[in-house]
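**Student:** Below you'll find the structure I mean.
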Amino acid sequence: MSADQTFTAAMVQMRTGLLPEPSLEQGTKLIREAVAQGADYVLTPEVSNMMQLNRKALFEHLASEEDDLSLKAYRALAAELKIHLHIGSLALRASPERAVNRSFLIGPDGNVIACYDKIHMFDIDLPDGESYRESANYQPGETAVISDLPWGRIGLTICYDVRFPALYRALAESGASFLTVPSAFTRKTGEAHWHVLLRARAIETGCFVFAAAQGGMHENKRETFGHSLIVAPWGEVLAEGGVEPGVFLATIDPAKVETARKTVPSLQHGRRFSVVDPKAGPEHLHLVRGSA
Ligand SMILES: O=C(O)CNC(=O)[C@H](CS)NC(=O)CCC(=O)C(=O)O
């Protein structure tokens with residue numbers, strides 16, 4: 001395998017329940033289905049192991065990375081199937097008081113190649129009363145992560161991260177050809193923003209975007225948007241799910257990254273610029289790292 005070879009990427013769409021065991025069963029079945037359809041790389045959604053109602057219930061079922069049964073089982077599965085298995089995220093115990101939302105890229109030998117802790121916490125209040133305080137339970141990561149696959153470099157992110165384009169530009173500038181956004185988007189924000197955000201990240205970086213999603217009404221009464229997506233560097237949607245769990249695949253040609261970037265070289269046109277308010281004077285000048 002080399003960077004000029006095509007491969008098959010699969011998005012596993014899930015409807016994760018309250019407990020790790022049935023979620024593992026659901027994930028395993030879908031991953032096997034993806035491999036039966038020819039997948040070389042499989043991505044599962046954010047919190048593939050469980051979606052809990054409240055802090056008490058969450059912490060009752062959280063395991064540390066060392067003890068987590070899902071991670072153990074998925075490592076064995078990757079080795080058995082000889083694939084790159086990317087578990088979009090697992091809710092894990094980081095300390096007695098804090099959880100962590102951690103993504104795991106597992107190699108065909110069953111070893112963890114890279115992991116990433118979600119940086120941006122989803123702390124928002126929607127107009128209909130739906131409210132999230134991810135930071136109340138989870139400790140955020142502080143490091144962006146890239147890793148090398150046989151077909152090119154991959155950047156790891158999770159869900160709400162997708163709203164912070166500087167992260168994706170940094171990953172692309174660090175050599176990523178593939179950006180991953182395993183998610184559990186709300187139905188409401190997903191309807192309004194999901195496709196636009198993911199296609200924009202692909203277009204502005206010239207990367208493939210892989211986004212495996214949670215979908216439907218969960219046991220914890222949360223409704224997620226679904227619509228797992230694979231987006232090409234030019235912005236086309238190559239595969240898309242609906243609301244139901246399932247497997248969505250596409251053939252990935254890494255050469256498309258270079259083609260898109262040659263056509264629109266915006267990634268090379270990043271400039272440092274300053275933002276000034278001419279009326280406010282020089283002390284109000286902010287230097288911003290950004291793209292012109
Ligand atoms: O808490 C869990 O059980 C699983 N984690 C999530 O669902 C996370 C944090 S609450 N969801 C998001 O980040 C949604 C982002 C989103 O919907 C948006 O950016 O619009």
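Every number in this text was worked out from the coordinates using simple rules, so none of it is lab data. Here the structure is a predicted model, which means the values were calculated and not measured. Backbone-built Cβ (ideal geometry, glycine too); neighbour counts: all protein chains shown.
**Student:** Rounded to whole Hz and in sequence order, give me ³J(HN,Hα) for region 69-74 from the Karplus expression 6.51 cos²θ - 1.76 cosθ + 1.60, θ = phi - 60°, writing x for Gly and Pro.
**Tutor:** 6, 5, 4, 4, 5, 5
**Student:** If you wrap a convex hull around the alpha carbons of region 1-93, what volume per residue comes out, as a whole number of Å³? Walk me through the numbers before you get to the answer.
**Tutor:** Details: hull volume 9.0 nm³, N = 93.
Taking the convex hull of the Cα positions in region 1-93, it is 96 Å³ per residue.
**Student:** Still on this structure: Could you rank the peptides 136-142, 118-124 by their average count of other C-beta atoms within 10 Å per residue, with the highest value first?
**Tutor:** My ranking of the peptides, most packed first, is 118-124, 136-142.
**Student:** How big is region 7-266 on each of its three principal axes, counting only the C-alpha atoms and giving the largest first in Å?
**Tutor:** Sorted largest first, the three principal extents are 52, 45, 33 Å.
**Student:** Would you mind telling me the antiparallel percentage of the DSSP bridges in the chain, rounded to 5? Before the final figure, lay out the partial values.
**Tutor:** Details: 43 of 60 bridges.
Antiparallel: roughly 70 percent of the beta bridges in the chain.
**Student:** Just Val243, Val264, Val47 to compare: in a GNM of the chain, with alpha carbon springs under 10 Å, which one fluctuates most?
**Tutor:** With Cα springs under 10 Å in the chain, the top fluctuation among Val243, Val264, Val47 is at Val264.
**Student:** Order the peptides 96-105, 58-67 from the highest to the lowest mean number of other Cβ atoms within 10 Å of their residues. If you can, show how the numbers build up before the last one.
**Tutor:** On the way: 96-105: 20.0, 58-67: 14.5.
Listed from highest to lowest mean packing, they are 96-105, 58-67.
**Student:** Give me the net charge for the shell around Ala144: Cβ to Cβ below 12 angstrom, other residues only, Lys and Arg +1, Asp and Glu -1. Spell out each step's value before the answer.
**Tutor:** Working: positive: Lys118, Arg169; negative: Asp117, Glu142, Asp161, Glu173.
Here the count lands on -2.
**Student:** Now, a different point. Which order results if Ser177, Ser274 are arranged by neighbouring Cβ count within 10 Å, fewest first?
**Tutor:** Values: Ser177 25, Ser274 9.
Exposure proxy ranking, most exposed first: Ser274, Ser177.
**Student:** What is the diffusion coefficient of region 135-292 in µm²/s, taking the Kirkwood radius over Cα pairs and the Stokes-Einstein relation at 20 °C with a viscosity of 1.002 mPa s?
**Tutor:** On the way: Rh = 17.1 Å.
The Stokes-Einstein estimate is 126 µm²/s.
**Student:** In angstroms, what radius of gyration and Dmax does region 104-220 have, counting Cα atoms only?
**Tutor:** Looking at region 104-220, its Cα Rg and Dmax stand at 14.8, 47 Å.
**Student:** Could you put Glu244, Glu258 in order, starting from the residue whose Cβ has the fewest other Cβ atoms within 10 Å?
**Tutor:** Numbers: Glu244 10, Glu258 14.
Ranking Glu244, Glu258 by Cβ neighbours within 10 Å, fewest first, gives Glu244, Glu258.
**Student:** Sticking with this one: Compute for region 216-256: radius of gyration divided by Kirkwood radius, i.e. Rg/Rh, restricted to C-alpha atoms, rounded to two decimals. It would help to have the intermediate numbers written out before the result.
**Tutor:** Working: Rg = 13.3 Å, Rh = 11.8 Å.
On the Cα set of region 216-256, Rg over Rh gives 1.12.
**Student:** Across region 153-160, in residue order, what do the Karplus-derived ³J(HN,Hα) couplings come to in whole Hz, using 6.51 cos²θ - 1.76 cosθ + 1.60 with θ = phi - 60° and x for Gly and Pro?
**Tutor:** My calculation for region 153-160 gives 8, 10, x, 9, 9, 9, 6, 4 Hz in order.
**Student:** Right, next: From Cα pairs below 8 angstrom and at least 6 apart in sequence, can you work out the relative contact order of the chain, rounded to a whole percent? Walk me through the numbers before you get to the answer.
**Tutor:** Values: 714 pairs, mean separation 56.4, N = 292.
Value for the chain: 19 percent.
**Student:** Of all DSSP beta bridges located in region 90-184, what percent are antiparallel, nearest 5? Working shown, then result.
**Tutor:** Values: 17 of 22 bridges.
Around 75 percent antiparallel, to the nearest 5.
**Student:** Let me ask something else. Just order 222-235, 69-82 by mean Cβ neighbour count inside 10 Å, highest at the front, would you? Don't skip to the answer; put the middle values down first.
**Tutor:** On the way: 222-235: 22.6, 69-82: 18.1.
Put in order of decreasing packing, that is 222-235, 69-82.
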